[in-house]
Structures are given as structure tokens and as C-alpha cells.
Amino acid sequence: GHRLLDLGCGPGLYCSRLAQRGLRVTGVDYSRRSIDYATRTAAEQGLQIEYRYQDYLTLDDENLYDVVLLIYGDFCVLSPEKRELLLSNIRRALKPGGHFVFDVTTRVHRARTAVQNGWYVVGSGFWKPGLHLVLEHSFDYPEADTHLDQYLVIESSGKISVYRNWFLDYSLETITAVMESQGFKVRAAWNDLMGTPYTPRTEWIGLDTQI
């Protein structure tokens, strides 16, 4: 069967389904917990899936895969430097004529989902287990298609932590230019990876590219 690499595979939801369809699947993720869970699940389901705990920016596979997947906007958290490193890794990992399938968010999506400036108090939540105050602030840099969601977390002890989530959004024109500059041809573009026909005001762009 064809060989497929799922980057940022998480708990293996897609890997399992693809392996059940006869593909030879490798999943890579930088969460030890996700990889452990995925490995157990594959064993329980009797599926031969190779899971690796690894940062995909360190990927050094060569000429192995027919398809590489990167799903749910992971591409958009990468700086231009890390993006080029990842694309170089993927190009090396693919067989000649191989496909890289992924999705990106657009400025339309960011306008809807950016955090609202404000604050709230939580007894126990996503950021910390104990009582804490969260100050949310978003910063937009439209000239660079870049957005920052910042969270300032103050614990009852007075300890302060800052978390920053950067996003680089794309249009069909900008992502096509990026991919062509790195040796990929855009074969198809949709509003998502389910094949919904592309429209200019889409929040997401799903792409099939080929080396």
C-alpha cells in the first residue's frame, strides 16, 4: 500500500482510519501523552501503525512517503524560517511526485476567532490548576497577515506567566507563492479538506500540493 506520514498526528484519529483503509501509516507528534495513547489504541485495534515522539522540525526521513499530512492549521503557527525548514523536511521525506496535503486559516477566520480583550477569574482551568486571573489581549498586524493572542495569567501567589500564540494567516495567492518558492505545485484548493469548493471569503483553505 501507499505510505503516508501524518505530522502532528495527536492521538491518532486520522492515522487509525487511514490504516484501516490499507495505507501504511506513520504518525509523528511532540506530545508524549498523545503518542502513548495512539500506540495503545493501534495495538487494541490490531493496526500496524508506526508512531514516533518527535518534533517534526527535526524530521530527517528521506524518499519514503507518497503523502504527507499536516491538518488543522498547524502550518499557521510557524514563523517563515520554521515554515521553510518544515517544507524542506517534507520535500526530502516525499517520494518523487509525492503529495503534501494540509490546511491554513485566512484573515476571515482570524477576524471571527481572535480573542476579545478582557479578563476573567478562574478557580481551576486550562492555564493553571488553582485560582488565577487571566488577562486576554489580541494584537493584529494586517500588513504581515500576522496575529497574536496573548494571555497574562496571575496566580493567587502573585506569580505571573505570559503565553503568546502567534498565527500567520494566508490567502490562496500568498500560500501558492510560498509553496511554489519551496518547490511544490498547488494541484487543488478547497474551503476545507473535505473538498468543499473554494470561495474567496473562506475561513480555511485546504490544499493538495505536489513535488
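Here, each number is a calculation from the coordinates, and none is a lab measurement. A quick note: this is a predicted structure, and the numbers were derived from the prediction, not measured. Because the Cβ atoms are built from the backbone with ideal geometry, glycine has one as well, and the counts that use them run over all protein chains shown.
For this structure, a couple of remarks:
- Listed by chain and number, the aspartates and glutamates placed with their C-alpha closer than 14 angstrom to that of Lys82 are Asp55, Asp74; residues fewer than eight positions away on the same chain are left out.
- Beta bridges assigned by DSSP with both partners in the chain are antiparallel in approximately 65 percent of cases.
- A Förster distance of 35 Å, applied to the separation of the beta-carbon atoms of Tyr53 and Thr199, puts the FRET efficiency at 0.35.
- Each residue, Arg17 and Gln150, gets one label point 7 Å from its Cα in the Cβ direction; the gap between the two is 3.8 nm.
- Pair Glu173, Ser124: separation of 7 Å Cα→Cβ label points (nm): 5.1 nm
- Helix 172-181 axis versus longest C-alpha principal axis of the chain: approximately 60°, rounded to the nearest ten.
- Annotation for segment 1-79: chymotrypsin sites (Phe, Trp or Tyr not before Pro) lying in DSSP loop with at most 15 further Cβ atoms inside 10 Å of their Cβ are Tyr30, Tyr72.
- FRET efficiency for Glu136 and Ser181, using Cβ-Cβ distance with R0 set to 30 Å, rounded to 0.05: 0.30
- Taking 21 Å as the straight-line reach from the Cα of Lys95, the lysines in range (excluding those fewer than 8 positions away in the same chain) are Lys185.
- Charge tally for Val134 (other residues, Cβ to Cβ under 14 Å; Lys, Arg +1; Asp, Glu -1): 0.
- Segment Asp74-Ser161, length gained on full extension (0.36 nm per residue, minus Cα span): 28.9 nm
- Segment 165-211 versus segment 1-77: alpha-carbon centroid distance in Å: 22 Å
- Between the Cα long axis of helix 32-45 and the first principal axis of the chain there is an angle of about 50°, rounded to the nearest 10.
- Using a simple spin-label model with pseudo-atoms 7 Å out from Cα toward Cβ, Asp60 and Asp192 lie 3.9 nm apart.
- Sorting the segments 162-168, 43-49 by their mean number of nearby beta carbons within 10 angstrom, highest to lowest, gives 162-168, 43-49.
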